[in-house]
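The values are calculated or read from the model by the stated rules, or taken from the named source; none is laboratory data. The structure presented is a predicted model; accordingly, all values stated were derived computationally and were not measured. With ideal geometry, Cβ positions are generated from the backbone for all residues, glycine too; neighbour counts draw on all protein chains shown.
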Amino acid sequence: MSRFKKIRNGFRSLVSRLFRRRKTLKLGFYGPTNSGKTTLANKICMDWLGEEMGRVSSIPHETREIQMKEYVEIEQNGKKLVFNMIDTPGIATKIDFEDFVKKGLKKKDAKQRAKEATKGVIESIKWLDNMDVVLVVMDAGVNPVDQVNVTILGNLEARGIPVLIVANKLDMKKANAHVVRSAFPQYTTVGISAKTGHNIKGLYESLFNII
């Protein structure tokens, strides 16, 4: 390990110990597959830590295990919040290995991915009880009223967990944040593009407002 990395890691360790003395909130990223949860988590981590959180892919269920980034401090208008960010596997009502084969995976790899994805969905639901606030990330170019989104929001409401709906992918032509907002008027919805960074500041402001 280089001297620079040792110094950097030592500094991060010191900062982490200082943050532990504060109240850290568990911020969960939930939503359907390929809605952009990890892309958004990576954007937030790059903004405040200078490093990404996880790998993204066009193939569904790239994230199949819970990923966590600890002590992410976000500042907005002179106020600060410290989060443990938890990126969860995409929720799906059906996982078929044939869908992965169609994406180019070999049959053996596709079956293994389907198995891991199913386990990941179960873990995602279990982790709901640990969350202090949740970002429900939706693809703003897809009909938001589906079984996955309704199930996620219903589970969060039953647990009394604060929710911010993120209408993502506004860089796409068909995306429309107003459609998402109209579908779930009882929740705060913010439209963004995690890919381009469009309205990320608006996301931070909304996050501070609901906490």
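Please state which one of GLY36, GLY28 is small (Gly, Ala, Ser), in contact with a strand residue (DSSP E or B) (Cβ under 9 Å, 6 or more places away or on another chain), on the phi > 0 side of the Ramachandran plot and modelled with pLDDT of 90 or more. Steps first, answer last, please.
Values: GLY28 fails: on the phi > 0 side of the Ramachandran plot.
Of the residues listed, the single one that is small (Gly, Ala, Ser), in contact with a strand residue (DSSP E or B) (Cβ under 9 Å, 6 or more places away or on another chain), on the phi > 0 side of the Ramachandran plot and modelled with pLDDT of 90 or more is GLY36.
Restricting attention to the stretch 156-171, does a residue exist that is of a type in the set (Lys, Arg) and closer than 21 Å to LYS69 by Cα?
The initial filter retains those residues of the stretch 156-171 that are of a type in the set (Lys, Arg), namely 159, 169.
Among the residues that remain, those that are also closer than 21 Å to LYS69 by Cα are: none.
No; the residues of the stretch 156-171 include none that is of a type in the set (Lys, Arg) and closer than 21 Å to LYS69 by Cα.
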Given (1) crowded, with 16+ Cβ neighbours inside 10 Å; (2) out of contact with any helix residue (DSSP H, G or I) (no Cβ under 6 Å at 6 or more places or on another chain); (3) modelled with pLDDT of 60 or more; (4) over 25 Å from GLN147 (Cβ atoms), number of the condition LYS69 does not satisfy: (2)
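Look at MET53 and say whether it is among the hydrophobic types (A, V, I, L, M, F, W, C), touching a strand residue (DSSP E or B) at 6+ places or on another chain (Cβ under 6 Å) and either within 29 Å of ASN149 (Cβ to Cβ) or at pLDDT 70 or above (or both). Give the steps one after another, and end with the answer.
Values: among the hydrophobic types (A, V, I, L, M, F, W, C): yes; touching a strand residue (DSSP E or B) at 6+ places or on another chain (Cβ under 6 Å): yes; either within 29 Å of ASN149 (Cβ to Cβ) or at pLDDT 70 or above (or both): yes.
The answer is yes for MET53.
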Identify all residues within the stretch 112-141 that are out of contact with any Lys or Arg (no Cβ under 6 Å at 6 or more places or on another chain), surrounded by fewer than 18 Cβ atoms within 10 Å (Cβ to Cβ) and modelled with pLDDT of 85 or more; write none if there are none. ASP129
Tally, over the stretch 146-175, of residues that are exposed (fewer than 13 other Cβ atoms within 10 Å of the Cβ) and either of a type in the set (A, V, I, L, M, F, W, C) or farther than 16 Å from SER35 by Cα (or both): 5
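With respect to VAL101, determine if the residue is at pLDDT below 70, over 27 Å from GLY202 (Cα atoms), among the hydrophobic types (A, V, I, L, M, F, W, C) and within 19 Å of the chain's Cα centre (by Cα).
Working: at pLDDT below 70: yes; over 27 Å from GLY202 (Cα atoms): yes; among the hydrophobic types (A, V, I, L, M, F, W, C): yes; within 19 Å of the chain's Cα centre (by Cα): no.
Here the answer is no, as VAL101 does not meet what is asked.
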Considering the stretch 176-211, residues that are under 16 Å from GLY31 (Cα atoms) and small (Gly, Ala, Ser), and then whichever is surrounded by the fewest Cβ atoms within 10 Å (Cβ to Cβ), we arrive at ALA183
